[in-house]
Ligand SMILES: C[S@@+](CC[C@H](N)C(=O)[O-])C[C@H]1O[C@@H](n2cnc3c(N)ncnc32)[C@H](O)[C@@H]1O
């Protein structure tokens with residue numbers, strides 16, 4: 001914007017007078033305009049529409065934005081900018097609602113994924129909602145947990161938008177498949193332990209006859225990360241062992257990863273089912289030797305970097321205060 005204004009000024013100066021001085025002034029202004037444009041690109045002057053300074057077209061459009069795995073700080077900068085610009089935000093069950101504080105107060109917030117609630121819309125209804133709002137000229141953000149293109153039907157939504165001729169963009173998010181193991185102190189690859197990783201859905205027909213998953217190939221991967229698999233852990237373990245994975249292979253199940261209530265249970269393919277009794281979704285299952293590294297790297301659960309919540313701060317202050325006001329003899 002400033003760059004083009006300076007370019008315009010340079011043109012005006014050049015046309016006003018053809019003296020040497022005016023020409024030099026015009027050239028200087030032109031160089032200044034180029035530097036402004038260049039700094040806008042090189043230093044990433046972000047717009048929600050385009051990270052390199054060119055906003056998306058005006059009018060209705062949809063941004064498919066990854067909300068990250070739960071911890072609000074793991075939203076991308078571009079995702080935040082999209083939320084700040086949105087007229088409408090359509091979000092899912094696993095999206096941390098505190099992210100909506102980035103929206104303007106008048107933005108419409110539509111929760112479409114609450115399990116068991118009337119607000120739960122079918123995929124077709126969600127597609128229709130996005131298309132209708134964009135056609136009304138609204139800036140729509142479709143906010144999805146983790147990354148929109150990882151086990152999230154983001155691809156289907158993008159296809160529906162493309163087919164309807166709606167302008168859209170995809171803003172990748174930090175997927176739980178990577179972030180949750182990281183917060184449990186498990187590096188998915190390791191030079192000595194694993195050179196391959198597979199992301200696998202547990203939300204499929206897993207039986208031998210009907211599964212669309214190549215279990216032999218999966219069982220042979222260095223590290224295997226299952227999403228949506230907690231309730232089907234027994235079946236997953238059985239299939240891996242059937243395909244030759246050593247029953248002593250380490251396994252971790254991580255629930256509510258990246259959040260203060262994160263819980264991790266570890267074991268082996270042989271005993272993990274007994275160890276995780278009662279654990280529910282959402283959870284990530286990690287299978288592979290890399291799980292052993294956690295013993296040395298469990299940084300998040302040991303609280304090294306956990307920031308105090310307001311409630312914990314109050315509790316701590318109250319504890320200190322009560323010590324101060326207790327009589328000496330007590
Ligand atoms: C429908 S998939 C969506 C995945 C998402 N698109 C992503 O990239 O993370 C939902 C599954 O993601 C996993 N998940 C998402 N957030 C999680 C979290 N904070 N802790 C553990 N698992 C999580 C669980 O396996 C859950 O069942």
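The values are calculated or read from the model by the stated rules, or taken from the named source; none is laboratory data. The structure presented is a predicted model; accordingly, all values stated were derived computationally and were not measured. Cβ coordinates were reconstructed from backbone atoms using ideal geometry, including for glycine residues, and neighbour counts include every protein chain displayed.
The figures follow:
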| quantity | calculated |
| --- | --- |
| Among residues of segment 125-141, those that are in contact with a helix residue (DSSP H, G or I) (Cβ under 6 Å, 6 or more places away or on another chain) and either within 16 Å of the ligand (Cβ to nearest atom) or in the same structural domain as residue 257 (by TED's automatic domain parsing) (or both), counted | 1 |
| Filtered residue count, segment 283-302, keeping only those that are touching a strand residue (DSSP E or B) at 6+ places or on another chain (Cβ under 7 Å) and either part of a helix (DSSP H, G or I) or surrounded by fewer than 20 Cβ atoms within 10 Å (Cβ to Cβ) (or both) | 7 |
| Matching residues in segment 159-182 - criterion: being within 14 Å of the ligand (Cβ to nearest atom) and more than 20 Å from residue 85 (Cα to Cα) | 174, 175, 176, 177, 178, 179, 180, 181, 182 |
| Any hit, segment 103-117, residues being under 30 Å from residue 299 (Cα atoms) and either out of contact with any strand residue (DSSP E or B) (no Cβ under 8 Å at 6 or more places or on another chain) or within 16 Å of the ligand (Cβ to nearest atom) (or both) | no |
| Selection from segment 91-121 of residues that are under 23 Å from residue 177 (Cβ atoms) and at pLDDT 95 or above | 91, 95, 96, 97, 98, 99 |
| Search result, residues across segment 262-280 that are out of contact with any strand residue (DSSP E or B) (no Cβ under 8 Å at 6 or more places or on another chain) and modelled with pLDDT under 95 | 277, 278 |
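This table checks each residue for (1) more than 16 Å from the ligand (Cβ to nearest atom); (2) at pLDDT 95 or above.
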{"residue": "196", "(1), (2)": "yes, yes"}
{"residue": "203", "(1), (2)": "no, no"}
{"residue": "206", "(1), (2)": "no, no"}
{"residue": "210", "(1), (2)": "yes, no"}
{"residue": "217", "(1), (2)": "yes, yes"}
{"residue": "221", "(1), (2)": "yes, yes"}
{"residue": "230", "(1), (2)": "no, yes"}
